[in-house]
Amino acid sequence: MFESILQRLGVEPVHSGVGFGTWVMRPGGGEIASLNPATGQPLAQVLTATREDYELVVEKASHAFQTWRTTPAPQRGEIVRQLGQALRECQHDLGLLITLETGKILSEGRGEVQEMIDICDFAVGLSRQLYGLTIASERPRHRMFEQWHPLGIVGVITAFNFPAAVWAWNAAIAAVCGDPVVWKPSCEAPLTAIAVQNICDRVAARHGLEGLFGLCTGEADPIGAAMVEDRRLPLISATGSCAMGRQVGPAVSRRLGRTLLELGGNNAAILTETANLDLALRAVLFSAVGTAGQRCTTMRRLIVHESIADEFIARLARAYASVPVGNPWEDGILMGPLINERAVQAMARALAAAQSQGGVVLFGGNRLDRPGWFVEPALVQIDPTAAIVAEETFAPILYVMTYKTLDEALALHNSVGQGLSSAIFTDRLTDAEAFLSPRGSDCGIANVNIGTSGAEIGGAFGGEKDTGGGREAGSDAWKAYMRRQTCTINGGAELPLAQGVRFDVS
Ligand code: NAD
């Protein structure tokens, strides 16, 4: 039924997962199956990379860097503009492939491609705005300024749940900054990566840009490990669990490389007494149940004022019961499957732990009796001190807890290790301002009367604490992909020294 989509995107039933403009036809790593999580059936097989295959991709990227770094940035932007155009042309097919491979519903699959297009547009504009500062020099007739140069090859490691958009956040910005990209996708979603690589290859081939975009599919070991240790990759941008970041961060730091870490979240919303409950209900439902709870920004904790808790939780439970769960490509479905059997088991373990720690399941949590990895979304009332609440379980479990004072709510909000996304629902300005103040949310993203999920690309995206501190996408996130050079020019015939230091020979 879906073979024609794969064909149109140039994905063969057994496809190489290694390429840089052309495909390495027989990479020597093992073969992995990409499974449709809604059926458990394979969509296609992918041949993964060995270290030798990885070497080839990095060599091609190194070669591409030699010319790409001196290509004027607006010309680099033109290539990214063409990439955005190519993505527009296959938005439908690529969106459907994302749905088939990850289980997210079709409007989210297409939305992910829209996010790729948006970041390409952003990067095109940015290609004419890689501004440096001019700084007043303390020395007479001296001029001081900063300029930004390309950094080198950027290693991009991505998670399964945004199998294309996170690559695009990195690749579009890296490309206009003058950096080639070597991409290690998740082994749970390699077909999306192959389809994206095909799109890149078509654009790159028109301009003789072999090696600018490289793909190296493989497990954390050997391919992730090779990237992390590789001094030719000055920046590793890694998206995934906190556990992954705890391995990647120190390893890259040991070689004094740069990391951009986008790790797990444990995102909460506070509902104050004055919240617009109709609006909050829709926002909570999308943030907690959307993408089957498999977004880094998924709402996992709901901190409700005790005066509205009974009414709101009852309404939420009714809304949970009305969420259509099913094949994610079908109209009207709002929640698809989890990614694999491990995710179903992890959800079951978390719910058992919650119950053993005093939690009460108010709705859901059961596995559906059908092929694939379907579950009901779960709503759990629990004491905020229960240990399980501090963990990110990558599944649709929302822990609900109550509070009396805003100070108490803020303390609960900030009590977990992760610091990605956050929200407050309130119609009282002083509560909103407190949430956004330095004593408020400690997260990288803080929203008022909006859920925790669904960021736009124009802002810098990322989180604090165990989420890793990285920022990607918009605003000035591009600075991570370039090296800053401070330059001073002496336009006079004297040699005055800074800080008034004298060093004259008579
Ligand atoms: P994961 O940590 O299992 O894997 C992510 C990627 O890292 C994969 O490509 C994997 O092969 C690779 N990897 C794992 N260990 C590695 C190592 N030691 N060295 C090199 N590479 C390694 O995550 P996942 O299950 O694919 O995705 C879900 C997780 O990702 C969740 O925790 C979610 O919150 C997080 N996530 C975060 C963001 C963000 O922007 N903060 C976005 C998406 C997902």
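Summary table
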| quantity | calculated |
| --- | --- |
| log₁₀ of I(q)/I(0) at q = 0.17, 0.18 Å⁻¹ - the range 34-143, Debye sum with one point per alpha carbon | -1.05, -1.07 |
| Cα-based equivalent ellipsoid of the range 283-322: semi-axis lengths in Å, sorted from largest, via gyration tensor | 20, 13, 5 |
| Helix 73-89 vs. the chain, principal-axis angle (Cα, 0 to 90°, nearest 10) | 30 degrees |
| Debye, to nearest 20: dipole size of the range 267-460, +1 on Lys, Arg Cβ, -1 on Asp, Glu Cβ | 420 debye |
| Per-residue [θ]222 nm for the chain (sum of -39500 (n - 2.57) over DSSP H runs n ≥ 4, rounded to 500) | -11500 deg cm²/dmol |
| Volume per residue of the C-alpha convex hull in the range 391-506, rounded to whole Å³ | 222 Å³ |
| Local electrostatic count at Leu83 - Lys and Arg +1, Asp and Glu -1, tallied over other residues with Cβ under 14 Å | -1 |
| With every protein chain in place, the chain: carbon and sulfur % of accessible area (1.4 Å) | 52 percent |
| For Leu368, distant residues with modelled amide H under 5 Å away | Phe374, Val375, Glu376 |
| Top positive-direction residue, dipole computed over the chain with Cβ charges, set Ala275, Ala473, Gly95 | Ala473 |
| Calculated from backbone phi, Karplus (6.51, -1.76, 1.60) coupling profile of the range 58-65 in Hz, x at Gly/Pro | 5, 4, 5, 5, 4, 5, 4, 4 |
| Three semi-axes of the equivalent ellipsoid, the range 258-337, Cα gyration tensor, whole Å, largest first | 24, 21, 8 |
| Estimated vicinal HN-Hα couplings, Hz - the range 293-299 in sequence order (Karplus 6.51, -1.76, 1.60; Gly, Pro = x) | x, 10, 10, 4, 9, 3, 6 |
| Anisotropy class of the range 418-464 from Cα gyration tensor, a/c 1.5 cut | oblate |
| Distance violations [Cα-Cα > 27 Å] among Lys60/Lys479; Lys60/Lys104; Lys104/Lys479 | Lys60/Lys104; Lys104/Lys479 |
| Long-range HN-HN contacts of Gly28 with modeled amide H, under 5 Å | Thr50, Asp53 |
| Cα-Cα separations in the range 344-393 greater than 13 Å, expressed as whole percent | 55 percent |
| Gln7 paired with Glu433, simple spin-label distance in nm, labels 7 Å along Cα-to-beta-carbon | 6.3 nm |
| Packing-based ranking, highest mean first, of 351-360, 477-486 given that Cβ atoms within 10 Å are counted | 477-486, 351-360 |
| Amide proton proximity set for Ala44, modelled H, under 5 Å, gap of 5+ | Ser34 |
| Acute angle (nearest 10 degrees) that the helix 306-321 long axis makes with the longest principal axis of the chain, alpha-carbon atoms | 90 degrees |
| Cα-centred dipole magnitude for the range 440-498, charges only on beta-carbon of K, R (+1) and D, E (-1), debye, nearest 20 | 160 debye |
| Shape parameters for the range 165-292, alpha-carbon atoms, Rg then Dmax in Å | 18.6, 61 |
| For the range 70-204, diffusion coefficient by Stokes-Einstein and Kirkwood Rh (Cα), 10 °C, 1.306 mPa s, µm²/s | 100 µm²/s |
| Percent of beta bridges antiparallel (DSSP, the range 267-460, rounded to nearest 5) | 15 percent |
| √(5λ) per eigenvalue of the Cα gyration tensor, the chain, largest first, Å | 40, 32, 19 |
| Size of electric dipole in the chain: Cβ of Lys, Arg +1 and of Asp, Glu -1, about Cα centre, debye, nearest 20 | 1240 debye |
| Peptides 108-118, 139-149, 88-98 ordered by average Cβ neighbours within 10 Å, highest first | 108-118, 88-98, 139-149 |
| Degrees separating the helix 91-102 axis from the principal Cα axis of the chain, which is the longest one | 60 degrees |
| DSSP beta bridges in the chain [antiparallel fraction, %, rounded to 5] | 40 percent |
| Kirkwood Rh and Cα Rg combined as Rg/Rh, the range 267-460 | 0.95 |
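The values are calculated or read from the model by the stated rules, or taken from the named source; none is laboratory data. For clarity, every value in this text was computed on a predicted model and none was experimentally measured. Note: ideal-geometry Cβ built from the backbone for every residue, glycine included; neighbour counts use all protein chains shown. With ligands, DNA and RNA removed, areas are computed over all heavy atoms of the protein, side chains included. Shrake-Rupley method; radii C 1.70, N 1.55, O 1.52, S 1.80 Å.
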